[in-house]
Protein chains: 2
Amino acid sequence: MNSKNTKRITIKSIAQQANVSFSTVAKALHDDPAINEKTRERIKEIARRANYKPNILAKSLRDNKTKFIGMILNDLQSPFYSEIYKAVGDVLNKRGYTMLLSDSSYDEMLEMKNISTMISQGVEGIIISPVCKDSDGIRLLLEDQVKTVFIDNHPSDPNISCVYVDHVEAARLATEYLIQLGHRKILLLNGPEKLPSSQDFRKGYANTLQEHGIEVQERFIKYNPISIDGTCRQIDDIFADRDSVGRDDFTAILALSDVIAIGVYESALQHGFSIPGKYSVIGYDNILATKYLNPPLTTVQQPKEQTGHYAINLLLDQVEKDLDEHRQIILNPELIVRASAKSLDKTK
Amino acid sequence: MNSKNTKRITIKSIAQQANVSFSTVAKALHDDPAINEKTRERIKEIARRANYKPNILAKSLRDNKTKFIGMILNDLQSPFYSEIYKAVGDVLNKRGYTMLLSDSSYDEMLEMKNISTMISQGVEGIIISPVCKDSDGIRLLLEDQVKTVFIDNHPSDPNISCVYVDHVEAARLATEYLIQLGHRKILLLNGPEKLPSSQDFRKGYANTLQEHGIEVQERFIKYNPISIDGTCRQIDDIFADRDSVGRDDFTAILALSDVIAIGVYESALQHGFSIPGKYSVIGYDNILATKYLNPPLTTVQQPKEQTGHYAINLLLDQVEKDLDEHRQIILNPELIVRASAKSLDKTK
DNA sequence: TTGTAAGCGTTATCAA
DNA sequence: TTGATAACGCTTACAA
């Protein structure tokens with residue numbers, strides 16, 4: 001906004017210049033045919049020269065429509081999310097909306113604050129990747145009847161729309177594949193424990209082990225931040241015998257996210273172990289560049305762009321038609337076999 | 001926002017319930033000591049129970065402060081930008097601001113629209129990575145005296161603050177290194193031609209060649225979108241002899257962005273050439289995961305988080321102190337030697 | 001201690 | 001064809 005000394009151009013200031021009332025200016029700028037063509041053009045010319053831009057806030061206040069859509073994610077930097085909001089942003093732009101973006105950093109308090117602020121700002125709808133199920137923030141969203149679409153997760157309340165990939169199935173796909181390759185001791189690097197996707201992923205992992213008669217050991221399930229550093233610290237603990245799991249207790253690693261998998265790659269460099277020689281590794285998301293890693297990362301693909309498109313279209317439909325109809329869209333994960341996981345038999 | 005049938009909680013509606021005037025409510029909610037403690041608590045309790053959230057837009061309209069900061073970038077999805085706005089977002093959050101984010105997609109028209117919308121929305125400042133120097137959008141920014149910080153580029157007008165990495169130097173670093181390795185025919189994959197960073201990068205490349213007595217050939221400088229696909233199409237053209245450059249005319253590739261470099265990796269897979277066997281490759285940005293590529297990508301590091309921090313602090317200082325002081329912060333690039341570029345001598 | 005009124009920049013209704 | 005007026009929700013003198 002301008003410095004205090006430069007005053008804003010408004011319909012009023014234009015009215016003064018044009019020697020008409022401000023409501024005449026308003027009409028002229030809206031091409032109201034009631035206004036004399038000459039005055040209209042004269043006014044529009046003045047507005048143009050002054051670089052007049054309507055104050056959307058004032059307009060919003062008046063007609064109770066802001067054209068703001070809020071987007072609340074857990075890590076703006078994550079390539080996983082960025083593909084999603086790229087897709088969302090494109091649609092928003094085309095349909096004349098503006099995106100308010102904020103980052104909850106996997107923190108329930110911050111999420112609450114973000115939601116609250118956005119409601120205050122009059123967002124017409126929110127796309128959120130929730131920190132956990134049933135947080136205060138989510139309760140607020142429900143009580144205030146804010147149009148909401150969950151992504152990356154299904155809400156426990158059916159009164160909310162959502163678009164998500166079936167994480168249970170994703171973990172099943174990966175675990176099944178590892179078992180086929182002969183792995184029975186699989187370390188699960190599962191991100192933040194409260195994260196809904198983490199819980200589902202764990203379920204898919206555990207179910208599949210059980211189906212194959214393999215015991216699920218809690219000590220094989222690790223919760224750490226989704227970051228390269230966080231992952232390295234976990235592996236460091238294992239290699240320094242500070243963990244209940246020893247370095248030779250497992251043969252494969254399943255990661256909740258490709259970023260975590262990349263953390264394992266970093267660890268491999270640091271500790272000098274080989275992938276998939278020492279450990280087979282499978283990631284999740286299929287983010288940019290995983291195909292070109294050394295070795296190419298075997299991972300489970302999430303349709304990220306699709307997620308974004310579905311989510312924003314669902315939301316905008318609700319917003320524009322003022323519907324209270326809810327839909328749950330479940331997308332399918334897909335195993336992408338590359339070279340970071342290999343058969344145990346051949347290695348022995 | 002709520003459905004049409006659910007009406008919003010306002011100080012007025014609370015006033016009705018509490019049987020006081022709406023200004024009493026306003027004061028009570030602001031802990032005005034003038035209000036009787038009992039009434040104050042009673043009012044606050046009603047507000048709490050009703051989940052009252054102030055309408056920030058109305059407040060903004062009144063006191064001409066929105067606490068909105070706009071961020072306009074060229075590709076939301078790019079890992080390069082996402083590290084930057086992660087940093088910006090963190091600061092914004094802490095200081096009570098909200099980020100409006102939009103994507104110009106390297107399109108001058110879109111940029112203009114984005115700027116214009118944001119001004120309409122009353123942003124108090126803008127961080128922009130401009131599509132080109134001297135666009136209409138930038139002119140608008142100047143005329144309206146919007147507090148602005150350029151990133152990834154230096155404005156031709158000194159009246160704008162900026163934070164950027166010296167792209168000329170970055171290209172020099174990379175080119176110098178390639179020349180040291182014995183390369184003299186270096187293909188430059190330089191992104192969109194109008195992009196300011198592209199022009200600087202080219203300059204650094206050309207200057208360095210000349211300093212070493214190597215002729216700068218226009219046909220070696222290619223302009224393509226910054227994407228894997230766009231890069232592949234360029235290499236395809238070369239391999240299909242549809243280009244003025246033949247596949248054996250050069251020994252190294254310098255890319256304006258790691259994303260482009262990754263495109264070359266994809267091409268290598270498709271056409272079966274080896275990196276650095278056939279071509280040495282150097283990228284720019286040092287985005288996530290480039291360290292683990294096969295081969296690890298030699299690239300030039302940009303301090304992205306730092307860029308974000310400097311930019312937002314610079315901007316917020318201007319905004320909050322209403323200063324018209326401008327600063328240009330130049331950050332230094334750094335060559336990161338890994339394994340995608342190698343000496344020519346040894347290959348022969 | 002509480003209430004009244006004006007104003008922020010719009011839009012829309014009604015009167016002139 | 002143009003102008004006056006009220007309203008959106010909030011803050012803040014000022015009056016009671």
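The values are calculated or read from the model by the stated rules, or taken from the named source; none is laboratory data. Predicted, not measured: the structure shown is a model, and the values here were computed from it. Don't worry about glycine lacking a Cβ; one is built from the backbone with ideal geometry, like all the others, and counts go over all protein chains shown.
Among helices (runs of 4 or more DSSP H) lying entirely in the stretch A:1-112, which contain 2 or more residues that are near DNA strand C (Cβ under 8 Å from one of its atoms)? Break it down into steps so the answer makes sense when it comes.
Values: elements: A:11-18, A:22-29, A:37-49, A:56-63, A:79-94.
Where helices (runs of 4 or more DSSP H) fall fully within the stretch A:1-112 and carry at least 2 residues being near DNA strand C (Cβ under 8 Å from one of its atoms), they are A:11-18, A:22-29, A:56-63.
One line per residue, one yes/no per condition, for (1) at pLDDT below 95; (2) touching a Cys at 6+ places or on another chain (Cβ under 7 Å); (3) surrounded by fewer than 17 Cβ atoms within 10 Å (Cβ to Cβ); (4) of a type in the set (S, T, N, Q):
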position: A:Leu297; (1), (2), (3), (4): no, no, no, no
position: A:Lys304; (1), (2), (3), (4): no, no, no, no
position: A:Gln318; (1), (2), (3), (4): yes, no, no, yes
position: A:Lys346; (1), (2), (3), (4): yes, no, yes, no
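With respect to the conditions (1) farther than 30 Å from A:Ile275 by Cα; (2) away from chain B (no Cβ under 14 Å); (3) touching a Leu at 6+ places or on another chain (Cβ under 9 Å), A:Ser135 falls short on a single one, namely (3).
The test for being within 25 Å of B:Asp63 (Cβ to Cβ), within 11 Å of chain B (Cβ to nearest Cβ) and within 7 Å of DNA strand D (Cβ to nearest atom) does not hold for A:Leu57.
Condition first: of a type in the set (A, V, I, L, M) and surrounded by 24 or more Cβ atoms within 10 Å (Cβ to Cβ). Now tell me which residues in the stretch B:172-194 satisfy that. Result: B:Ala174, B:Leu178, B:Ile186, B:Leu187, B:Leu188, B:Leu189. Of all the listed residues (B:Glu320, B:Glu305), the sole one being more than 20 Å from the chain's Cα centre (by Cα) and assigned to a helix (DSSP H, G or I) is B:Glu320. Within the stretch A:290-304, residues that are facing another protein chain (nearest Cβ under 8 Å) and over 10 Å from A:Ile275 (Cβ atoms) sit with their Cβ atoms under 6 Å from residues that are among the β-branched types (Val, Ile, Thr) and part of a strand (DSSP E or B), at 6+ positions apart or across chains, in these pairs: A:Thr290/A:Thr299.
Exactly one residue out of A:Ile138, A:Ile119 is away from DNA strand C (no atom under 16 Å from the Cβ) and either in contact with a Lys or Arg (Cβ under 7 Å, 6 or more places away or on another chain) or not assigned by TED's automatic domain parsing to the domain that holds A:Gln318 (or both): that is A:Ile119. Here is a check on your reading of the model: is A:Leu188 away from chain B (no Cβ under 14 Å) and in a helix (DSSP H, G or I)? Spelling it out, it is not the case that A:Leu188 is away from chain B (no Cβ under 14 Å) and in a helix (DSSP H, G or I).
Applying the criterion of being buried (at least 24 other Cβ atoms within 10 Å of the Cβ) and in contact with a helix residue (DSSP H, G or I) (Cβ under 8 Å, 6 or more places away or on another chain) to the residues of the stretch B:109-120, the residue that is nearest to the other protein chains (Cβ to nearest Cβ) is B:Asn114.
Checking B:Ser135, B:Ser129, B:Ser156 one by one, the residue that is among the polar types (S, T, N, Q) and modelled with pLDDT of 95 or more is B:Ser129 and no other.
For the subset of the stretch B:34-49 comprising residues that are exposed (fewer than 14 other Cβ atoms within 10 Å of the Cβ) and within 14 Å of chain A (Cβ to nearest Cβ), which member is farthest from DNA strand D (Cβ to nearest atom)?
Quick first cut of the stretch B:34-49, residues exposed (fewer than 14 other Cβ atoms within 10 Å of the Cβ) only: B:34, B:36-38, B:41, B:45, B:48-49.
Applying the additional criterion that residues be within 14 Å of chain A (Cβ to nearest Cβ) yields B:48-49.
Numbers: B:Arg48: 14, B:Arg49: 16 Å.
Within the stretch B:34-49, the match that is farthest from DNA strand D (Cβ to nearest atom) is B:Arg49.
In the stretch B:232-255, the condition of being within 14 Å of another protein chain (Cβ to nearest Cβ) and part of a helix (DSSP H, G or I) is met by at least one residue.
Inspect the stretch A:138-155 for any residue being within 14 Å of chain B (Cβ to nearest Cβ) and on the phi > 0 side of the Ramachandran plot and give the result as yes or no. Within the stretch A:138-155, one or more residues are within 14 Å of chain B (Cβ to nearest Cβ) and on the phi > 0 side of the Ramachandran plot. Listed by first and then second residue, the pairs linking a residue in the stretch A:53-72 that is under 14 Å from B:Asn55 (Cβ atoms) to a residue that is crowded, with 21+ Cβ neighbours inside 10 Å and among the charged types (D, E, K, R), with Cβ atoms under 9 Å apart and 6 or more places separating them unless they lie on different chains, are A:Lys65/A:Glu124; A:Thr66/A:Glu124; A:Phe68/A:Glu124.
May I ask you to verify whether A:Leu323 is over 21 Å from B:Ile228 (Cα atoms) and within 14 Å of chain B (Cβ to nearest Cβ)? Taking the combined requirement at face value, the residue satisfies it.
Restricting B:Leu73, B:Leu92 to residues that are more than 7 Å from chain A (Cβ to nearest Cβ) and touching a helix residue (DSSP H, G or I) at 6+ places or on another chain (Cβ under 6 Å) narrows the list to B:Leu73.
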